[in-house]
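To start, the structure itself, in structure tokens.
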Amino acid sequence: MGSTSNAIFRNLNADDPDPETTCIESYCVNCGENGMTRMLLTKIPFYKDVILMSFDCEHCGYQNNEIQSGGRVEEKGVRIRLKVENAEDLNRTLVKSDHTSVKIPELDFEIPSGSQKGEVTTVEGVVDRAVAGLKQDQEARLKEHPEIAAQIEQFVEKLSQLKEAGTPFTMIIEDISGNCFLSNPKAPERDPRTETSLFVRNKDQDHALGIYTREELDDEPVEENTAGVLTAPEETMTYESLLTEVFQLPSNCPSCNAPCTVNNKLTKIPYFKEVLIMATNCDTCGYRSNEVKSGTGIEEKGVRLEVTVTDAEDFTRDVLKSDTCSLFIPELELEVGPATMGGRFTTVEGLLVNIKEQLDTQGSMASDSADTDTVSKMNEFLKKLDDVIACKVPFTLILDDPAGNSYAQSKTPPEPDDKLKITQYERTDEQNDDLGINDMVLDNY
């Protein structure tokens, strides 16, 4: 493949001479004739790869737009709680999948999951579409069921008033596939009006996404080893050998989907616990990634780690950020959710460099959706981040992990470290739900 080859998923750019739009003749569900479906594979800044589809029938004029994720179903669902207070919040971009549900608690209103196709819209667009759906067939209702029509008209009036932004309201967006996105007008700074949390899907939600275990698919449980897993005879596999053995699992590259290998190694971190380090290396496209999982499950309490960084030595401190851990740097007004970086075992400097790399790639400013103000704020933030990485500005690194599986190295073990503060806390019921912990599990601690 030559150097002129383009990526499959590219940033939206009005000057792109070859946007690689695919046109397919498709059946029109409205009139039965054939229309045209156009597909565009692109990237959404601060989000992920997506497939945009637009259908147009020249015979009856029927049109339809849809969006689908270009990646896999995420390991956890996502729940976003937005406090709408002004017109800027109404103009936020919202990416909804087929599995997104929307609730407005103040009106006891809900758009169920699966009732609408995926789309790129705005918060105001969600309200407009709900109003249009409720107004549909109102003329027939007025004749046949005037009382019900009057109630619907009153509710439509309440929904329409939300667009005036005179009264704050809450919008809860939940997606069991994890493929949902709400723009942050203050990016890359923390969004003060949203709360984002991940949750573990239950069995019914997995089934709704077409996810089944081998035992559910087969009549009898599967007892044989998974193909490709390197194992050793049970009598020779000791704890010491587990710590030295590297296990390989066949997989597919998350970037190009080519077959690749995931290397797994169980490692003991001094003064902490065992962790599983997983490394993916794709020979086809060169994709490389590292991820860390706890080897001992969820701890009884959550943990909050506060690391004070003032000199170059502090940058060498080992840090383990689990995939349930949020990261904060108050001096930069920076918040990184657990799903953004996944699990990492690195150093303080490594975490900062990884954040900068993700902002440079996933937060690309090359698309049409990036206005001048967003570009300016991003450049200003990256300059501050560069100063922090260059150790010009002291800062505090905060790791908050409700699962208790994150760690920061002490420079004075076993004595207390003046620059490391460790606080354990009881989880809330909502945090237990997000981690998939029920009362039965808690009783077994």
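For region 373-411, enumerate the residues that are under 24 Å from LYS421 (Cβ atoms), part of a loop (DSSP other than H, G, I, E, B) and over 22 Å from the mean Cα position of the chain (by Cα).
CYS391, LYS392, VAL393, PRO394, GLN409, SER410, LYS411 - these are the residues of region 373-411 that are under 24 Å from LYS421 (Cβ atoms), part of a loop (DSSP other than H, G, I, E, B) and over 22 Å from the mean Cα position of the chain (by Cα).
Looking only at region 126-166, how many residues end up being without any contact (Cβ under 8 Å) to a residue 40 or more places away in the chain and either within 22 Å of the chain's Cα centre (by Cα) or not in a helix (DSSP H, G or I) (or both)?
Selection size over region 126-166: 5.
For region 132-147, name all the residues that are open to solvent by 80 Å² or more (accessible area, probe 1.4 Å) and under 19 Å from ILE111 (Cα atoms).
LYS135, GLN136, ASP137 - these are the residues of region 132-147 that are open to solvent by 80 Å² or more (accessible area, probe 1.4 Å) and under 19 Å from ILE111 (Cα atoms).
Name the pairs: first residue in region 327-342 and within 15 Å of VAL353 (Cβ to Cβ), second residue aromatic (Phe, Trp, Tyr) and open to solvent by less than 30 Å² (accessible area, probe 1.4 Å), Cβ to Cβ under 6 Å, at least 6 apart or on different chains?
Between residues of region 327-342 that are within 15 Å of VAL353 (Cβ to Cβ) and residues that are aromatic (Phe, Trp, Tyr) and open to solvent by less than 30 Å² (accessible area, probe 1.4 Å), the close pairs are ILE329/PHE395.
Between a residue in region 415-431 that is under 15 Å from LEU399 (Cβ atoms) and open to solvent by 100 Å² or more (accessible area, probe 1.4 Å) and any residue that is at pLDDT 90 or above and not in a strand (DSSP E or B), which pairs come within a Cβ distance under 6 Å, given they are 6 or more apart or on different chains?
Listed by first residue and then by second, the contacts come to GLN424/LYS301.
Determine, yes or no, whether LYS163 is in contact with an Asp or Glu (Cβ under 7 Å, 6 or more places away or on another chain), at pLDDT below 90 and within 23 Å of ILE80 (Cβ to Cβ).
Yes; evaluated as a whole, the condition is true for this residue.
Filter region 277-292 for residues that are part of a loop (DSSP other than H, G, I, E, B) and among the hydrophobic types (A, V, I, L, M, F, W, C); which is modelled with the highest pLDDT?
CYS282
Can you tell me how many residues within region 176-219 are in a loop (DSSP other than H, G, I, E, B), in contact with a Lys or Arg (Cβ under 9 Å, 6 or more places away or on another chain), closer than 23 Å to THR93 by Cβ and not small (Gly, Ala, Ser)?
10
Return the only residue of ASP387, ASP433, ASP418, ASP429 being touching a Phe, Trp or Tyr at 6+ places or on another chain (Cβ under 7 Å) and modelled with pLDDT under 95.
On inspection, the qualifying residue turns out to be ASP433.
How many residues are under 23 Å from ILE437 (Cβ atoms) and open to solvent by 70 Å² or more (accessible area, probe 1.4 Å) if we restrict to region 173-210?
Here the count works out to 5.
If I ask for residues that are assigned to a loop (DSSP other than H, G, I, E, B) and touching an Asp or Glu at 6+ places or on another chain (Cβ under 9 Å), which ones from region 301-316 would you list?
Of everything in region 301-316, those that are assigned to a loop (DSSP other than H, G, I, E, B) and touching an Asp or Glu at 6+ places or on another chain (Cβ under 9 Å) turn out to be LYS301, THR316.
Can PRO259 be described as open to solvent by 10 Å² or more (accessible area, probe 1.4 Å) and touching a residue at least 40 places away in the same chain (Cβ under 8 Å)?
It is false that PRO259 is open to solvent by 10 Å² or more (accessible area, probe 1.4 Å) and touching a residue at least 40 places away in the same chain (Cβ under 8 Å).
Yes or no, residue by residue, for (1) modelled with pLDDT under 85; (2) surrounded by 17 or more Cβ atoms within 10 Å (Cβ to Cβ); (3) on the phi < 0 side of the Ramachandran plot; (4) of a type outside the set (Phe, Trp, Tyr):
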site	(1), (2), (3), (4)
SER294	yes, yes, yes, yes
LYS301	no, no, yes, yes
ALA312	no, no, yes, yes
LEU320	no, yes, yes, yes
PRO330	no, no, yes, yes
GLY363	yes, yes, yes, yes
ASP371	yes, no, yes, yes
LYS383	no, no, yes, yes
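Would you pick out the residues in region 320-341 that are over 22 Å from GLY178 (Cβ atoms) and not hydrophobic (A, V, I, L, M, F, W, C)?
Hits for region 320-341 are PRO330, GLU331, GLU333.
Hey, could you check region 72-115 for residues that are of a type in the set (Lys, Arg) and outside any loop (DSSP other than H, G, I, E, B) and say which is most open to solvent (accessible area, probe 1.4 Å)?
Per the criteria, the residue is ARG81.
Just give me the residues in region 264-281 being open to solvent by 30 Å² or more (accessible area, probe 1.4 Å) and hydroxyl-bearing (Ser, Thr, Tyr), in sequence order.
Within region 264-281, THR267, TYR271 meet the criteria.
The values are calculated or read from the model by the stated rules, or taken from the named source; none is laboratory data. In this text, all values refer to a predicted model and were calculated from it rather than measured experimentally. Don't worry about glycine lacking a Cβ; one is built from the backbone with ideal geometry, like all the others, and counts go over all protein chains shown. The accessibility values were calculated without ligands, DNA or RNA, using every heavy atom of the protein model including side chains. Shrake-Rupley method; radii C 1.70, N 1.55, O 1.52, S 1.80 Å.
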